[in-house]
Amino acid sequence: MTMNSGLIIFAREPVPGHVKTRLAASIGDRAAVGLYAAMLEDVLATATGLEGIRTMVFWATDNGSTPALIVPHVESFVQSGTSLGERMASAFSTAFTNGIRTCCIIGSDSPDLPVEYIRRAFNTLEQDQADVAFGPARDGGYYLLGMNRVWERLFEDIAWSTPQVLSVSCERATELNLRTTLLPVWHDIDTISDVLYLAASPGGEAPRTREALRRIAHLLPCKLKRGLP
């Protein structure tokens with residue numbers, strides 16, 4: 001891999017009322033913000049550990065400026081566009097304009113995403129084995145999208161945040177005669193049931209997120225507490 005490869009991360013500044021609102025309804029804003037901050041730290045740690053890949057964080061902000069969250073070796077940008085599709089297409093365009101040739105995008109909702117899945121996407125694209133790489137999410141969306149150029153049709157007329165996102169996106173890729181590769185299925189953390197899934201999973205991935213869960217264990221249902229080490 002070379003520094004012509006770039007990983008985009010879509011993120012929000014950890015501010016009450018702006019992140020993890022579905023979780024906040026169950027555990028409160030303060031706990032939800034703390035959990036999200038830990039998730040973002042885990043995602044950034046994974047990204048910056050990828051040798052030869054530029055980490056580019058695109059922030060969703062209300063004031064048009066990047067937050068005062070300084071992370072070494074991370075480039076910060078502001079998301080541009082109205083819909084999620086417009087914002088992702090714009091981020092890809094910005095990356096390619098800044099010298100990136102192979103680019104993948106992930107969110108900040110999968111703190112335990114195996115780094116090998118990200119490497120696999122880059123390797124497949126760089127070796128010209130596919131035009132588009134999708135990382136299927138359990139909820140029907142995708143946790144990763146990778147490509148070597150912007151295919152605008154992949155971002156148009158998509159009902160984002162619905163179980164049909166991946167299937168429709170794959171149909172679009174077929175319409176464009178693009179070679180598509182699918183990574184293993186993974187999960188996001190958006191709801192209490194997602195927290196249960198992570199808490200019950202073995203392994204040492206997402207250490208900051210797991211520590212944040214331990215700190216707020218008193219706010220979680222008993223079945224969640226039993227899943228925490």
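The values are calculated or read from the model by the stated rules, or taken from the named source; none is laboratory data. The structure displayed is predicted, hence computed values, not measured ones. In this analysis, Cβ positions are derived from the backbone assuming ideal geometry, glycine residues included, and neighbour counts consider all displayed protein chains. All accessible areas refer to the heavy atoms of the entire protein, side chains included, with ligands and DNA or RNA removed. Shrake-Rupley method; radii C 1.70, N 1.55, O 1.52, S 1.80 Å.
If I filter segment 31-53 for residues that are open to solvent by 20 Å² or more (accessible area, probe 1.4 Å), assigned to a strand (DSSP E or B), touching a residue at least 12 places away in the same chain (Cβ under 8 Å) and closer than 26 Å to ARG119 by Cα, do I get at least one hit?
No - not one qualifying residue is present in segment 31-53.
When you scan segment 155-175, how many residues do you find that are out of contact with any Leu (no Cβ under 7 Å at 6 or more places or on another chain), among the hydrophobic types (A, V, I, L, M, F, W, C) and touching a residue at least 40 places away in the same chain (Cβ under 8 Å)?
First, the residues of segment 155-175 that are out of contact with any Leu (no Cβ under 7 Å at 6 or more places or on another chain): 155-159, 161-168, 170-171, 174-175.
Next cut, among the hydrophobic types (A, V, I, L, M, F, W, C) only: 155, 158-159, 165-166, 168, 170.
Then drop every residue that is not touching a residue at least 40 places away in the same chain (Cβ under 8 Å), which leaves 155, 158.
Summing the residues that are out of contact with any Leu (no Cβ under 7 Å at 6 or more places or on another chain), among the hydrophobic types (A, V, I, L, M, F, W, C) and touching a residue at least 40 places away in the same chain (Cβ under 8 Å) in segment 155-175 gives 2.
Counting just the residues of segment 120-148 that are of a type in the set (A, V, I, L, M) and under 22 Å from PHE10 (Cα atoms), which one comes out farthest from the chain's Cα centre (by Cα)? Give the steps one after another, and end with the answer.
Narrowing segment 120-148 to residues of a type in the set (A, V, I, L, M): 121, 125, 130, 132-133, 137, 144-145, 147.
If we keep only those that are under 22 Å from PHE10 (Cα atoms) too, we end up with 121, 125, 132-133, 137, 144-145, 147.
Details: ALA121: 14, LEU125: 18, VAL132: 16, ALA133: 14, ALA137: 11, LEU144: 7, LEU145: 9, MET147: 15 Å.
Checked segment 120-148; the qualifying residue farthest from the chain's Cα centre (by Cα) is LEU125.
Please work out which residue is most open to solvent (accessible area, probe 1.4 Å), limiting yourself to segment 93-123 and to residues that are part of a helix (DSSP H, G or I) and of a type in the set (Ser, Thr, Tyr). I'd like the intermediate steps shown before the answer.
Within segment 93-123, the first condition is being part of a helix (DSSP H, G or I), and the residues that meet it are 93-97, 115-123.
Adding the requirement that they be of a type in the set (Ser, Thr, Tyr) leaves 93-94, 97, 117.
Values: SER93: 45, THR94: 40, THR97: 116, TYR117: 39 Å².
The selected residue is THR97.
Kindly evaluate GLU86 against the criterion of being surrounded by fewer than 18 Cβ atoms within 10 Å (Cβ to Cβ), under 19 Å from LEU7 (Cβ atoms) and at pLDDT 90 or above.
On the way: surrounded by fewer than 18 Cβ atoms within 10 Å (Cβ to Cβ): yes; under 19 Å from LEU7 (Cβ atoms): no; at pLDDT 90 or above: yes.
Answer is no for this residue.
Sort out which residues of segment 4-30 are modelled with pLDDT of 90 or more, open to solvent by 20 Å² or more (accessible area, probe 1.4 Å) and either part of a loop (DSSP other than H, G, I, E, B) or touching a helix residue (DSSP H, G or I) at 6+ places or on another chain (Cβ under 6 Å) (or both), and write them in order of number.
ASN4, LYS20, GLY28
Which of the residues that make up segment 151-190 are in contact with a helix residue (DSSP H, G or I) (Cβ under 7 Å, 6 or more places away or on another chain), over 18 Å from PRO136 (Cα atoms) and of a type in the set (S, T, N, Q)?
Selection gives nothing.
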